[in-house]
1. Mind checking which lysines have their Cα closer than 17 Å to the Cα of residue 396? Skip sequence neighbours fewer than 8 apart in that chain.
2. Once phi is turned into θ = phi - 60°, what whole-Hz ³J(HN,Hα) does the Karplus curve with 6.51, -1.76 and 1.60 give for every residue of the range 375-388, x standing for Gly and Pro?
3. For the chain, modelled as a Gaussian network with Cα springs under 10 Å, which listed residue fluctuates most, 246, 126, 44?
4. Pop out the ³J(HN,Hα) list for the range 3-10 in order, Karplus 6.51 cos²θ - 1.76 cosθ + 1.60 with θ = phi - 60°, rounded to Hz; leave Gly and Pro as x.
5. Give me the compactness ratio for the range 69-173, meaning the Cα radius of gyration over 2.2 N^0.38 Å.
6. Just need the Rg to Rh number for the range 114-235, please, alpha carbons only, Kirkwood Rh.
7. For the range 257-262, what does the Karplus curve 6.51 cos²θ - 1.76 cosθ + 1.60, with θ = phi - 60°, yield as ³J(HN,Hα) per residue in whole Hz, taken in order and with x for Gly and Pro?
8. How big is the range 290-363 along each principal axis, measuring the range of its Cα positions in Å and listing the largest first?
Amino acid sequence: MRSLRELYRIGIGPSSSHTMGPQTAAQLYLQRHPEARGFEVTLYGSLAATGKGHMTDVAIEDVLQPAAPTRILWEPQTFLPFHPNGMKYVCLDEAGKPYDPWTVYSVGGGALSEGEGSVQGGPELYDLNTMEEIIHWCQDSGCAFWEYVEQCEGPEIWDYLHEVWMVMCEAVERGIDHEGVLPGPLGLQRKAPVYYTKAKGYKANLQSDGLVYAYALAVSEENASGGRIVTAPTCGSCGVIPAVLYHLSHNHTFSEQRILHALATAGLIGNLVKHNASISGADVGCQGEVGVACAMASAAACQLFGGSVAQIEYAAEMGLEHHLGMTCDPVCGLVQIPCIERNAFAAARALDANFYASMSDGQHRVSFDRIVRVMKQTGHDLPSLYKETSEGGLAKI
């Protein structure tokens with residue numbers, strides 16, 4: 001597995017796979033061909049089907065258009081074999097003749113692949129790539145999950161996670177004070193400020209859930225409006241972990257150091273899924289985005305409340321298991337309905353998974369590794385119309 005820096009990416013919404021990935025690809029292609037007199041970019045499959053709603057064309061043109069005229073072609077019915085989020089970049093010379101085509105895939109979380117390996121990917125830092133292996137390491141060494149992260153990444157990872165945490169907090173705080181309508185044809189009103197104000201008026205037993213909803217809505221609405229967020233593990237699921245950790249840091253006075261340790265554990269969970277399955281909605285549906293975010297937040301919360309290695313693994317497994325089969329069917333191809341609301345519910349469910357796991361001894365029948373394999377297979381069994389193509393489910397309303 002690679003660094004958590006490639007999982008927690010700081011950037012601009014609304015979509016890691018449809019905005020951040022294609023924009024990075026455009027930047028790389030422009031660096032390779034600054035001499036080009038024109039560019040032609042073909043978007044395939046899911047990128048083409050929901051690219052306009054996700055502003056894929058805008059993200060690409062912002063990079064290439066200042067250098068040379070750029071044409072975007074849309075092929076929503078053509079799915080390249082490696083991944084649904086395929087794109088092809090082509091240069092044009094003075095005579096308009098194409099040369100040096102480059103096919104690349106946006107595989108989720110802002111990452112790129114050429115089919116065989118990552119583009120711009122760093123070295124493999126983690127020598128253990130399954131939960132079972134990591135649990136054995138923890139049991140043999142007496143260390144926690146976050147200590148395994150530190151051993152693999154080095155102590156400098158804490159500076160990066162501090163930056164990640166600051167961006168998450170800023171997104172929450174901007175979002176709960178940001179009123180108005182989200183961009184796009186749905187005319188969707190922001191809800192975070194209202195939820196935050198109402199939650200403050202409830203008694204303590206209800207206030208907790210209300211605040212978690214408000215914080216998740218705040219970050220997700222910032223993402224939907226193109227604000228600065230952290231992929232956790234994607235833009236579409238970026239509200240879950242900040243909501244849970246912001247709530248716990250403020251309402252239970254956990255220190256920043258403990259929050260960063262929890263972020264490291266959450267990142268390890270997300271990395272395991274990314275390595276062994278997928279975090280791309282176009283590949284496995286929303287279970288790979290919101291489901292994985294819930295698993296990450298469940299593990300982080302369980303660690304903060306003193307859960308054992310077995311209980312943390314159970315919380316993560318539960319967070320993912322109970323999102324199995326979740327489709328990715330955004331209305332109008334926008335990261336708004338049902339994405340924003342799903343972040344709020346997943347954040348609350350993560351706290352429930354933590355509590356449920358903490359009540360147990362950590363022993364359970366279905367392992368985290370097993371549920372990751374099931375999620376991958378379930379995602380590949382889903383018809384393409386339920387995987388970010390706006391051809392089925394809620395997208396048809």
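1. 52, 387
2. Using θ = phi - 60°, the values come out as 4, 4, 5, 4, x, 6, 7, 5, x, 4, 5, 9, 10, 6 Hz.
3. 126
4. In residue order, the calculated couplings are 4, 5, 4, 8, 9, 8, 9, 8 Hz.
5. In units of the 2.2 N^0.38 Å rule of thumb, it is 1.61.
6. Numbers: Rg = 19.5 Å, Rh = 17.6 Å.
For the range 114-235, the value is 1.11.
7. So the J values, rounded to whole Hz, are 4, 5, 5, 5, 4, 5.
8. 44, 20, 14
Readers should treat all values here as calculations from the given coordinates under stated rules, not as data from a laboratory. Remember, it's a predicted structure, so these values are computed and weren't measured experimentally. Please note: Cβ atoms are built from the backbone with ideal geometry, for glycine as well, and neighbour counts cover all protein chains shown.
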